[in-house]
Structure formats: structure tokens, C-alpha cells
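Please read the structure below before turning to the comments.
The values are calculated or read from the model by the stated rules, or taken from the named source; none is laboratory data. Treat the numbers as computed from the prediction; the structure is a model and nothing was measured. Because the Cβ atoms are built from the backbone with ideal geometry, glycine has one as well, and the counts that use them run over all protein chains shown. Side chains are part of the model used for accessible areas, which takes the heavy atoms of the whole protein and leaves out ligands, DNA and RNA. Shrake-Rupley method; radii C 1.70, N 1.55, O 1.52, S 1.80 Å.
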Amino acid sequence: MNKKIGIVCYPTVGGSGVVATELGMHLSDRDYEIHFISQTMPFRLKRLDPNIFFHEVEIANYPVFKHPPYDLSLASKIAEVIDREQLDIIHAHYAMPHAICALLAKQMAKKDVRVITTLHGTDITVLGIDPSLTNLIRFGIEESDAVTAVSYSLRDQTKELLNIQKDIEVVHNFIESDKIDEPTDKKELKRKLSIQPAEKVMIHISNFRKVKRVQDVIHVFHRVQQTVNTKLLLVGDGPEYGDAYQLVQNLGLQDQVIFMGRQDNIHDLFAISDLNLLVSEKESFGLVLLEAMVAGVPSIGSNTGGIPEVIKDGETGYICEVGDIEAMSKRAIHLLTQESEWKRQSTLSKERVRECFDAEQIIKRYENLYYEV
Ligand code: GMT
């Protein structure tokens, strides 16, 4: 048996939880013993695996607490699991509060452990610059035994915004690029969604937070559909859902935009899509871009954060400035009407994801780090 790793993450829908869960499952295949410590069972953790354990954090609730102290319960649970299961490493995903709780647990536990923190995005770009949290997050980073960031952009921002001297290793997010595709009956799926066989499909998948600029996606689509026979799939849910829905009504696009809510089977949706849009204000990586690439779907992304590290401009999609609806629409129309260019970029997308973001090589980077610390 290899090392014993405790993984602390947000279990619900969200890229950092997906990355943490996938990492744990890959490590268990490599004979590591994995202990997830979280509020609820990570949502992607569906399969039964004798090397994977889940430890639920019980939150102490008592009338004197105005807010039940989840963070302290988490730290206490991590310490308990370190000692009982004799963990070697705690890998905390997302600085707040996970890195800080892991460090507190390390001090409480009798067994010596190493703490690795992976920074994912808004833990730095939003929370890290909140004056009430900056010092705490800096502490979490400086005191961790090793720190990784999911993009060069996030590493540089962390160093600059928080004035960090410590080394931060960049380990990009990953995906299984050689997964055998389950046969998707594209025609049937399009028919079920009332999409004509010849119609093009644009897609946007997110948690519909302000930062994702879902309204820009709709404005781009509004322009594109004036030239190209196309439909838009909006997948996900979140605070901007209502406004997005209203905008679609106001623009008279209700017959062409399909709101799908949260969906599990993203692979099938990409199988019928021609173009993916991720035009966020801030985005440290954009995991959904990898899902699109695996399916051979080029993306239009905004020039922010880690997006330009994932999309190769002019090769696997296009990069446009944040909010530049006109440029995005032109690029989209170009890709949806120039079939040979679309095919070229579709092929390059599949190649790039295999070369640069394949789970096999990225998991090795994490394994090396575990041995280094
Ligand atoms: O930081 C967040 O907003 C949440 C986080 C999450 O849990 O989904 O998203 C971040 O981490 C993902 C996984 O590494 C990245 O793919 C996302 O780009 C990143 N989100 C932002 O930077 C807005």
C-alpha cells in the first residue's frame, strides 16, 4: 500500500470539488489510501472502492452559537482522522477555510503530517483580497508544506496580490483524455431537444454566478443566430439564472435558447455541440474547457486568468477581450460557417487535451509532490 492521503474539499457542484474527487479516485487506482474529509459525500464519488473512505464533518450546533463553527469542526475532524487512520498527507483544495483548518489539525494531531494546499481561483482573486481574510489566507499559504495553483495566472496573481515569496508550483487541471466514448445517439438527442439535424449548437455550462457573464453569452448568441441557424444550450444553475431567463425573453430568443438546469451527463451535451462559450470576468482555469476539448468542441474564451493557457488562440478556439461581444460573435460565426476550419480546430482540441491536460501525466505531478514533501 502506498501513502495515506486525506483530501479536504468542497463536495458540491464546482470545479475544485471535481478536481479533488477525480484526483482521489485516480490515486486510489494507484494504490494510495484516500480519505475524503468534508461536509457531505463528494458528488462525483459514486463508485465503490475499497481504497476510498469518506469522513463526514459533524457540525456542533448549540444555542450560544450564532453561527455553528463549521471550520473548527472540520479542523477537529481532520486531526481525528490523521491520528486514527495514520495519514501521511493532507491535501487541502481551496485555501479558505481548508488550508487553515488543515494547518490547525496538523498542530492538534499526534501523528506528523504534511499539508499541501491547492489554490483554485476565487480563494485568491475574491477572498484573498478581502481585507478581513488576506492575512489568514497568506498564513495558510506560507505555512503549508507545499502549494500548487491551477494556472500560471493564478500563481502570479497570488504572489502579487498577497505578496507571497513562497514557491507555488503550477499543476494544471486534468481530464481523462482517452476515456472510451460511450456511443451517443446524436440524432436522437438533438431530436429530443427539438434541434434540427442541420442546426448548429452553441453551449455554455457554468454555475451562473455574476463572474461568468452569462448575459454576454446570450448577447453573442443573439448576434450569431441572425446569420447562422443555431440553438443555444444553457446548462447549470445559480444566482444569475433569473436574469438570464429574462434577457432571453426580452430578446425574443425563447424558441432558440434551451435552459437545461444542472446536468450530469455533460459529455452527451458536448457530443451534439459545435461551439463552447466561456467568457468570464475572472477564471483561474475553466475546467469545462477540457470537457469541450475531449469532445472536439472548440471554445471562445475571454482573455482573463488561466483561460488563454487552456485555449490556444486560433488553434482550439479563440480568445477575445472580456465583454467584447462583437469580436466574440464574429469569431463564433467564422467557426460555425467555415467547416474545414472547424474540423481543423476540433482535431487540434482533441490533440491538445491529450498532450497537455491528460490525467495520467498531471496525477504524476501530484504524486511527485507528495514524495517531495
Ligand atoms: O473559485 C471558484 O470560483 C470556485 C472554484 C470551484 O470550486 O469550482 O472554481 C475555480 O476552480 C476551478 C477548478 O480548479 C477552476 O476551473 C475555475 O476556473 C475556478 N473559478 C474561478 O476562477 C472563477
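Obtain the radius of gyration and the Kirkwood radius of segment 1-131 from its C-alpha atoms and give Rg over Rh.
Numbers: Rg = 14.4 Å, Rh = 14.9 Å.
Taking Rg over the Kirkwood Rh, I get 0.96.
What does segment 151-270 give for Rg and for Dmax, in Å, if only its C-alpha atoms count?
According to the Cα coordinates of segment 151-270, Rg and Dmax are 18.4, 55 Å.
Quick check of the Kirkwood formula: for segment 103-214, what is the inverse mean of 1/r over all pairs of different Cα atoms, in Å?
Working: mean 1/r = 0.0560 Å⁻¹.
After inverting the pairwise mean of 1/r, the radius is 17.9 Å.
Run lengths n ≥ 4 of DSSP H only: what is the helix-derived mean residue ellipticity at 222 nm for the chain, with -39500 (n - 2.57) per run over all residues, to the nearest 500?
On the way: 15 runs with 156 residues, N = 373.
Using -39500 (n - 2.57) per qualifying helix, the result is -12500 deg cm²/dmol.
Would you please calculate the Kirkwood hydrodynamic radius of segment 186-356 over all C-alpha pairs and express it in Å, rounded to one decimal? It would help to have the intermediate numbers written out before the result.
Details: mean 1/r = 0.0639 Å⁻¹.
Over segment 186-356, the inverse of the mean reciprocal pair distance is 15.6 Å.
In sequence order, what are the phi-derived ³J(HN,Hα) couplings for segment 147-159 according to the Karplus relation 6.51 cos²θ - 1.76 cosθ + 1.60 with θ = phi - 60°, rounded to whole Hz, with x for glycine and proline?
10, 10, 10, 7, 7, 4, 4, 5, 4, 5, 5, 4, 5
So what's the Cα pair-distance distribution over segment 158-222, bin width 5 Å, in %?
3, 10, 10, 10, 15, 18, 13, 6, 5, 6, 3, 0
Just add up the charged neighbours of K4: K/R +1, D/E -1, any other residue whose Cβ is under 9 Å from the Cβ of K4. Walk me through the numbers before you get to the answer.
Values: positive: K3; negative: E33, E85, D88.
Taking every Cβ under 9 Å from that of K4, the sum is -2.
Run the accessible area of segment 186-356 with a 1.4 Å probe and give the carbon-and-sulfur part as a rounded percent. The partial results should precede the final answer.
Values: 3220 of 7360 Å².
Within segment 186-356, the accessible surface is 44 percent carbon and sulfur.
Taking every eigenvalue of the Cα gyration tensor of segment 303-373, multiplying by 5 and rooting it, what semi-axes result, largest first, whole Å?
Largest first, segment 303-373 gives 32, 17, 5 Å.
Post the alpha-carbon centroid distance, segment 156-233 to segment 52-106, in whole angstrom.
Measuring centre to centre over Cα atoms gives 33 Å.
Per residue, what accessible area does the chain have, given a 1.4 Å probe and all protein chains present, in Å²?
On the way: 16820 Å² over 373 residues.
Per residue, the chain has 45 Å² of solvent-accessible surface.
Can you tell me what the convex hull of the Cα atoms of the chain projects to on average, as an area in nm²?
On the way: hull surface 77.9 nm².
The directionally averaged projection comes out at 19.5 nm².
Trypsin sites (Lys or Arg not before Pro), restricted to segment 144-196: which are DSSP loop and have at most 15 other Cβ atoms within 10 Å? If you can, show how the numbers build up before the last one.
On the way: sites: R155, K159, K166, K179, K186, K187, K190, R191, K192; in loops: K166, K179.
Passing sites in segment 144-196 are K166, K179.
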